[in-house]
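Here's the structure, in structure tokens; my notes come after.
The values are calculated or read from the model by the stated rules, or taken from the named source; none is laboratory data. These figures come from a predicted structure and were not determined experimentally. When we count neighbours, we look across all protein chains shown, and the Cβ atoms used for this are built from the backbone with ideal geometry, even at glycine. Side chains included, ligands, DNA and RNA excluded: accessible areas come from the protein's heavy atoms. Shrake-Rupley method; radii C 1.70, N 1.55, O 1.52, S 1.80 Å.
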Amino acid sequence: MAMASLARRKAYLLSRTVGTDNVLKYGFSYSVSRGFASGSDDNDVVVIGGGPGGYVAAIKAAQLGLKTTCIEKRGALGGTCLNVGCIPSKFSEFLTLFKKTVSAAKALLHSSHMYHEAKHSFAHHGVKFSSVDVDLPAMMAQKDKAVTNLTRGIEGLFKKNKVNYVKGYGKFISPSEVSVDTIEGGNTVVKGKNIIVATGSDVKSLPGITIDEKRIVSSTGALALSEIPKKLVVIGAGYIGLEMGSVWGRLGSEVTVVEFAPDIVPTMDGEVRKQFQRTLEKQKMKFMLKTKVVGVDSSGNGVKLTLEPAAGGEQTILEADVVLVSAGRTPFTAGLGLDKIGVETDKGGRILVNERFVTNVPGVYAIGDVIPGPMLAHKAEEDGVACVEFIAGKHGHVDYDKVPGVVYTHPEVASVGKTEEQVKALGVEYRVGKFPFLANSRAKAIDDAEGLVKILADKETDKILGVHIMSPNAGELIHEAVLAINYDASSEDIARVCHAHPTMSEALKEAAMATYDKPIHI
């Protein structure tokens, strides 16, 4: 199996057709990049950034026998996802998950869902309370405890794998040297034969809006509010905005989402997106689509937003207690000194690399959110592993077309592969198979049956092109589809696999049956 996997990766690297010029722009060989800066013998690998991509790259490099140092400015490993992103937004099941710190579970989303269920659903199941209250300080304290334990867990993994950890802000002084202003106030120079930039991304700013993390907040501030806002306005209907809106909506906030585009989550399959929006609206989340924010006034006790239609028109005022700016993220490369050593970037500030993650400067690599591709923690992890495998002379592999995406609301929405709109644009003849969770026995038994599974497959070959799931725990269910797509499986392959009964995963089997033939239970 291991040999087959290695052969698959080798074949992929030799045969893959790359559609963008910049991906293969820098065709340095392994021997060239390894041989650069021969005077820097202190480290084989230096990683700038200790987020999901950076810390995973550092651990993998050490496991491959490379002397490795990781530099992290926060003084706390795990990056945005663990410290102020994925992990703190869900916390109840974390303390057992040290080995995979950037997990699918999100703390505040889970906690707020528990509260919402207790308040609105438990009585229907015969579980009654005289009252249910939110203790926000206790909720935040538990979230902070989870984050602290998890960051310490990564430090433990560093020690176990003999990764040197430098706490401070690193910047290039040459292609083989990084100057680090340590958090203790000193300075040190870290040398390496190969240096990986893994500094992640930052909140995308909007003109005329100043984030103070009190009344106008990013996701960081949204995870640290001292009280539940009566009115919350979310600017941006992407993954993060909808997740954070869900948290505070469940806890009692009146949530309005303002989005410039005509749709929420534009990368989502259109049919699934429409059903998802209807579900969020049932949860009392309001949407103002095709609307732009042209002014913000926070001089009073609250915040007043001046809005107008995206195409122009009459302006209106929307008031809020707190405004969450969630209009996307941008690569974080400020102060790294990339221009000093000549590293090329695109107009969006992303570092240009080839398929081996090498920049135009030999010996300097980049991974994760600072390069083109999905801005996802698990994508960054795969980048990190593949990058150091290349450095060690092995064969790394990441296919961005097969990276799953998940929105951690309730229900969750997860997908992998192509949307129906993308398949149509490619001119491919295809079949669609769908199965609603209303016909799934497990979902009906637990009274949580909103959603569906949708499968797209090539009409001639039945090869699966895309899978989209909206359901409780969709982020877990999607991985059967991820594995199937990675191995070029057909819908019939999934349909003929025995699935345990009663489980939510049976809906995926039924959707696969609907794709190539007919389902049984509908």
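What strands (runs of 3 or more DSSP E), lying completely within region 391-468, carry at least 2 residues that are small (Gly, Ala, Ser)? Steps first, please.
Details: elements: 405-407, 412-417, 430-436, 452-458.
Per the criteria, 412-417.
Table: residues versus (1) in contact with a Phe, Trp or Tyr (Cβ under 6 Å, 6 or more places away or on another chain); (2) part of a loop (DSSP other than H, G, I, E, B); (3) closer than 21 Å to TYR239 by Cα.
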residue: PRO362; (1), (2), (3): yes, yes, no
residue: MET375; (1), (2), (3): no, yes, yes
residue: VAL385; (1), (2), (3): no, no, no
residue: VAL388; (1), (2), (3): no, no, no
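Checking the structure you have, find out if any residue of region 501-510 is within 19 Å of VAL428 (Cα to Cα) and either open to solvent by less than 20 Å² (accessible area, probe 1.4 Å) or within 23 Å of the chain's Cα centre (by Cα) (or both).
At the first step, the residues of region 501-510 found to be within 19 Å of VAL428 (Cα to Cα) are none.
No, that holds for no residue.
Give the residues of region 411-461 that are of a type in the set (A, V, I, L, M), in contact with a helix residue (DSSP H, G or I) (Cβ under 8 Å, 6 or more places away or on another chain) and farther than 20 Å from ILE522 by Cβ, sorted by residue number.
So in region 411-461, the residues of a type in the set (A, V, I, L, M) come out as 413-414, 416, 423, 425-426, 428, 432, 438-439, 443, 445-446, 449, 452-453, 455-457.
Then drop every residue that is not in contact with a helix residue (DSSP H, G or I) (Cβ under 8 Å, 6 or more places away or on another chain), which leaves 413-414, 416, 432, 438-439, 443, 449, 452-453, 455-457.
Listed by number, the residues that qualify are VAL413, ALA414, VAL416.
Give the residue, chosen from LEU483, LEU477, that is outside any strand (DSSP E or B) and in contact (Cβ under 8 Å) with a residue 60 or more places away in the chain.
Details: LEU483 fails: in contact (Cβ under 8 Å) with a residue 60 or more places away in the chain.
Result of the check over LEU483, LEU477: LEU477.
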Would you please name the residue that is nearest to the chain's Cα centre (by Cα), looking only at residues in region 446-464 that are touching a residue at least 40 places away in the same chain (Cβ under 8 Å) and over 18 Å from ALA474 (Cβ atoms)?
ALA457
In region 465-488, what residues are of a type in the set (D, E, K, R), within 21 Å of the chain's Cα centre (by Cα) and closer than 22 Å to LYS518 by Cα?
GLU480
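Going through ALA366, ALA386, ALA377, ALA392 one at a time, which residue ends up being touching a Pro at 6+ places or on another chain (Cβ under 6 Å) and on the phi < 0 side of the Ramachandran plot? Full working, then the answer.
Numbers: ALA366 fails: touching a Pro at 6+ places or on another chain (Cβ under 6 Å); ALA386 fails: touching a Pro at 6+ places or on another chain (Cβ under 6 Å); ALA392 fails: touching a Pro at 6+ places or on another chain (Cβ under 6 Å).
Result: ALA377 is the single residue among ALA366, ALA386, ALA377, ALA392 that is touching a Pro at 6+ places or on another chain (Cβ under 6 Å) and on the phi < 0 side of the Ramachandran plot.
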Somewhere in region 342-355, is a residue open to solvent by 40 Å² or more (accessible area, probe 1.4 Å), at pLDDT 95 or above and within 29 Å of GLY475 (Cα to Cα)?
yes
Could you look through region 288-300, keep only residues that are under 22 Å from GLU213 (Cβ atoms) and assigned to a strand (DSSP E or B), and pick out the one that is least open to solvent (accessible area, probe 1.4 Å)?
GLY295
